[in-house]
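Worksheet for the structure shown next.
The values are calculated or read from the model by the stated rules, or taken from the named source; none is laboratory data. Note that the coordinates shown come from a computational prediction; the quantities given were computed from them, not determined experimentally. Positions of Cβ are generated from backbone atoms using ideal geometry, with glycine treated the same way; all protein chains shown enter the neighbour counts. All accessible areas refer to the heavy atoms of the entire protein, side chains included, with ligands and DNA or RNA removed. Shrake-Rupley method; radii C 1.70, N 1.55, O 1.52, S 1.80 Å.
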Amino acid sequence: MSVCVVSCSVLKGELLQLRAEGKLDAELVFVSKNFHVDYAQLESNLRRMLEHTKRRFNGRIVLVYGELCLGQSGEMEQLARELGVVRVNALNCIDCQLGGRGRALEADPEQDLMFMGPGMVEFFADMKRNLLQQGMDETAFRELFSGIKGLVLLDTCGNKAKLLEDLSALGMGLEVIEVREVGLGGVLRVVLDAIERG
C-alpha cells in the first residue's frame, strides 16, 4: 500500500534524506515549522493539510508530529483519531530523532537542556529574525534561554560542522555541551513503526 507522510518541516531534511537513500518509500508533505509558535494556527493549517491529503491520496497517511506538538492534553492524538490517520509514537521532533517512545525524557530527565537538530536550528534562526524585526534586541533574545543549562546538538544528517557554525551565528548565549551523531535511524524507526501500525 502506498504511504503519504505528513510532517512538520522541522524534520524535512531527515525525511528527504531517508527517501533519497531508498530507506523510505513515501510521498512527503510538509507543514511549516513556523506555525509552532501558535497552537491554534498550527492546528488549523495541519487540519487543512490532512483533509486535503485525505481527499487526493488513496493510501495510508502517517502523521509525523509528536504527542506534545499541539498541547499537553492529547490534542495531537485527538486530531489524528478524528481524521483517521496514524501518528508516530513520539513526544516531539526531538523524540523522533532519538527514536520515539519518550526517549527525549530519558535523555533529559531534569528538563534543563535544549536539544536541537537541524530543523530546530533553522526554526530558532527564523524566530530570532522575526523577533528582531519586531523590536526585540539581542540581549532580550538571549534572555529567552536563561533557564537552560546548555545545548545538545543532534547531528541527524551528517552535517555537524555546519550546524555548529549556524548555532554560533544564532547567538543564543548557550554552550553546546554535547554533540550526538544520532543519524537518521530514530526518525526512520518512528515512521516505519507508524506505517506498520496504520
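Here are some notes:
- Taking amide hydrogens as placed 1.01 Å from N in the peptide plane, the amide H of Arg87 sits under 5 Å from those of Leu63, each at least 5 positions away in sequence or on another chain.
- Residue with peak Gaussian network fluctuation, the chain [Cα springs, cutoff 10 Å], from Met136, Met127, Met76: Met136
- Under Karplus coefficients 6.51, -1.76 and 1.60, residue-wise ³J(HN,Hα) of segment 17-23 in Hz, glycine/proline x: 5, 4, 5, 4, 7, x, 8
- Tilt relative to the chain, helix 185-197 - C-alpha long axis, 0 to 90 degrees, to 10: 30 degrees
- Set of aspartates and glutamates with alpha-carbon distance to Lys162 below 18 Å, sequence-local pairs under 8 removed: Glu14, Glu122, Asp126, Glu175, Glu178, Glu181
- Taking all Cα pairs closer than 8 Å and separated by 6 or more residues, the relative contact order of the chain comes to 24 percent.
- Mean residue ellipticity, 222 nm, helices only, the chain: the sum of -39500 (n - 2.57) across DSSP H runs of n ≥ 4, divided by residue count and rounded to 500, is -14000 deg cm²/dmol.
- Distance between modelled label sites at Glu138 and Glu175, nm, 7 Å Cα→Cβ extension: 2.1 nm
- Looking at the chain, the DSSP beta bridges with both ends there are about 0 percent antiparallel.
- GNM top mover of Asn92, Asn130, Asn159 - the chain, alpha-carbon springs below 10 Å: Asn130
- With each label modelled as a point 7 angstrom along the Cα→C-beta vector, the Gln41-Leu164 pair spans 3.4 nm.
- Comparing mean-square fluctuations of Ile148, Ile61, Ile94 from a GNM of the chain with C-alpha springs under 10 Å, the top value falls on Ile148.
- Computed over segment 44-141: relative contact order in percent, which uses C-alpha pairs under 8 Å that are six or more apart: 18 percent
- Magnitude of the charge dipole, the chain, Cβ model with Lys/Arg +1 and Asp/Glu -1, debye to 20: 820 debye
- Contact order relative to length of segment 1-80, as percent, for alpha carbon pairs under 8 angstrom and 6 or more apart: 38 percent
- The residues of segment 18-94 have, on average, 51 Å² of accessible surface per residue, using a 1.4 Å probe with all protein chains present.
- Comparing Cα centroids, segment 82-128 and segment 130-198 end up 10 angstrom apart.
- Approximating the spin labels as points 7 Å out from Cα along Cα→Cβ, the Glu106-to-Ser146 distance works out to 3.5 nm.
- Atom-type composition of the exposed protein surface of segment 66-198 places 47 percent of the accessible area on carbon and sulfur (1.4 angstrom probe).
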